[in-house]
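The block underneath contains the structure these notes are about, expressed in structure tokens.
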Amino acid sequence: MTDVVFHIDEDARWDQLLSNLEYYSENFGDHSKIEVVINGSAVRSFNGFDINPEHGKRMRTLANDGVRFTICGNSLKNRQIGEDNIPEGLVEIVPQGISELVAKQGEGFAYIKP
């Protein structure tokens, strides 16, 4: 199965993203690597630990199943969201979300943007 990188850059797309991730992880997660790159306005979910509790619960379940969540350091900085707002052990900060997407696609990951 193909490795996949999911991309979210809109705050309003979390439910759709998580539903897509849950389906893909359940059906293909044992046979592929799955990463989520969070940038743009989607990082607002992490302002002041204000992540939707249901989203956080779903993300933790997915992370426990092997899904890697990364967030753009530039997007955090541009929106003045401190790195201390990012749940440790759940989301990894990368310098640039776009560079992470390019790297994953260069490694053969399929790109999905719900």
Exercise. What strands (runs of 3 or more DSSP E) completely inside the range 43-114 contain at least 1 residues that are of a type outside the set (Phe, Trp, Tyr) and in contact with a Cys (Cβ under 7 Å, 6 or more places away or on another chain)?
Worked result: 91-94
Exercise. Got a sec? Which of GLY97, GLY89, GLY108 is surrounded by fewer than 13 Cβ atoms within 10 Å (Cβ to Cβ), of a type in the set (Gly, Ala, Ser) and touching a residue at least 40 places away in the same chain (Cβ under 8 Å)?
Worked result: GLY108
Problem set entry | Odd one out for THR2 among (1) outside any helix (DSSP H, G or I); (2) touching a Lys or Arg at 6+ places or on another chain (Cβ under 8 Å); (3) not charged (D, E, K, R) | (2)
For this session: Report, by residue number, each residue of the range 52-78 that is under 15 Å from ASN39 (Cβ atoms) and open to solvent by 80 Å² or more (accessible area, probe 1.4 Å).
Result: LYS77, ASN78
Exercise. On the given criteria, is VAL37 surrounded by 15 or more Cβ atoms within 10 Å (Cβ to Cβ) and either out of contact with any Phe, Trp or Tyr (no Cβ under 9 Å at 6 or more places or on another chain) or within 15 Å of ASP9 (Cα to Cα) (or both)?
Worked result: yes
For this session: For SER45, state whether it is surrounded by 16 or more Cβ atoms within 10 Å (Cβ to Cβ), within 17 Å of VAL94 (Cα to Cα), within 12 Å of the chain's Cα centre (by Cα) and touching a residue at least 24 places away in the same chain (Cβ under 8 Å).
Result: yes
Exercise. In the set LEU101, LEU62, LEU21, which member is touching a His at 6+ places or on another chain (Cβ under 8 Å), of a type outside the set (Ser, Thr, Tyr), within 18 Å of VAL5 (Cα to Cα) and modelled with pLDDT of 95 or more?
Worked result: LEU101
Exercise. Tell me, which residue of the range 1-34 that is surrounded by fewer than 16 Cβ atoms within 10 Å (Cβ to Cβ) and aliphatic (A, V, I, L, M) is nearest to GLY106 (Cα to Cα)?
Worked result: MET1
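The values are calculated or read from the model by the stated rules, or taken from the named source; none is laboratory data. Not measured: the values here are computed from a predicted model. All Cβ positions, glycine included, derive from the backbone under ideal geometry; neighbour counts span all protein chains shown. The protein model used for the area step is the full one, side chains on, heavy atoms only, and it has no ligands, DNA or RNA in it. Shrake-Rupley method; radii C 1.70, N 1.55, O 1.52, S 1.80 Å.
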